[in-house]
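Written out below as structure tokens is the structure these notes cover.
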Amino acid sequence: MTAHYPGRAVIDSYGSGGFGFAGMSHRGPILALPSGIYAWAVNPLALAPADFAMVLAERAEIDLFLIGMGPAMARPPKPVRAALEAAGLMYDPMATGHAVSTYNLLLEEKRRVAAALIAVEFGT
């Protein structure tokens, strides 16, 4: 999969069904990984372990993985949680807005953070 942006970048905005970063925008969910920011082709209502394959592939470069679950905090399905835990990946699910803010703060602190972000209609 080709990155929209290679490397780490602050998420400048979210809402209207997408995200802004590095002077670009993307409509739909994204993965913000150490290797870049990618379109994330998922069904937010049916997340599965396979949806996190790219995250697990970069696990060695990630200390904390944030999951923006949409407009409200929700837990990922049990098989997803089990796959992340089996990989030894510390994860924190939260509402997308909170995940964007936390991701940006940790990125600014030079922490090894990654995020899976489900798009929302409202935001900044």
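Scan the strands (runs of 3 or more DSSP E) fully inside the stretch 1-49 and keep the ones with 1 or more residues being of a type in the set (A, V, I, L, M), in contact (Cβ under 8 Å) with a residue 24 or more places away in the chain and over 27 Å from residue 81 (Cα atoms). Walk me through it before giving the result.
Working: elements: 11-15, 18-21, 24-27, 30-33, 36-39.
Ranges flagged: none.
Going by the structure shown, is residue 74 farther than 14 Å from residue 115 by Cα and of a type in the set (A, V, I, L, M)? Steps first, please.
Details: farther than 14 Å from residue 115 by Cα: yes; of a type in the set (A, V, I, L, M): yes.
In short, yes.
Could you list all residues from the stretch 4-31 that are more than 15 Å from residue 121 (Cβ to Cβ) and exposed (fewer than 14 other Cβ atoms within 10 Å of the Cβ)?
Answer for the stretch 4-31, where residues must be more than 15 Å from residue 121 (Cβ to Cβ) and exposed (fewer than 14 other Cβ atoms within 10 Å of the Cβ): 6, 7, 23, 24.
Being more than 11 Å from the chain's Cα centre (by Cα) and in contact (Cβ under 8 Å) with a residue 60 or more places away in the chain is the filter; apply it to the stretch 98-107 and report the residue that is farthest from residue 10 (Cα to Cα).
Per the criteria, the residue is 107.
Scanning the stretch 32-41 for residues that are touching a helix residue (DSSP H, G or I) at 6+ places or on another chain (Cβ under 9 Å) and within 20 Å of residue 98 (Cα to Cα), which turns out surrounded by the fewest Cβ atoms within 10 Å (Cβ to Cβ)? Please lay out each step first, then the result.
Here is the first cut: in the stretch 32-41, the residues touching a helix residue (DSSP H, G or I) at 6+ places or on another chain (Cβ under 9 Å) are 32-35, 38, 40-41.
Of the ones still in play, those that are also within 20 Å of residue 98 (Cα to Cα) are 32-34, 38, 40.
Values: 32: 27, 33: 23, 34: 14, 38: 19, 40: 22.
Ranking the qualifying residues of the stretch 32-41, first place goes to 34.
Taking only the stretch 19-40 into account, find how many residues are more than 12 Å from the chain's Cα centre (by Cα) and not basic (Lys, Arg).
Going through the stretch 19-40, the residues more than 12 Å from the chain's Cα centre (by Cα) turn out to be 20-27, 35.
Restricting the remaining residues to those that are not basic (Lys, Arg) gives 20-26, 35.
Total satisfying the criteria: 8.
Against the condition modelled with pLDDT under 95 and of a type outside the set (Asp, Glu), how does residue 45 come out, does it pass?
Values: modelled with pLDDT under 95: yes; of a type outside the set (Asp, Glu): yes.
It is true that residue 45 is modelled with pLDDT under 95 and of a type outside the set (Asp, Glu).
The values are calculated or read from the model by the stated rules, or taken from the named source; none is laboratory data. No experiment lies behind these values; they were computed from the predicted model shown. Because the Cβ atoms are built from the backbone with ideal geometry, glycine has one as well, and the counts that use them run over all protein chains shown.
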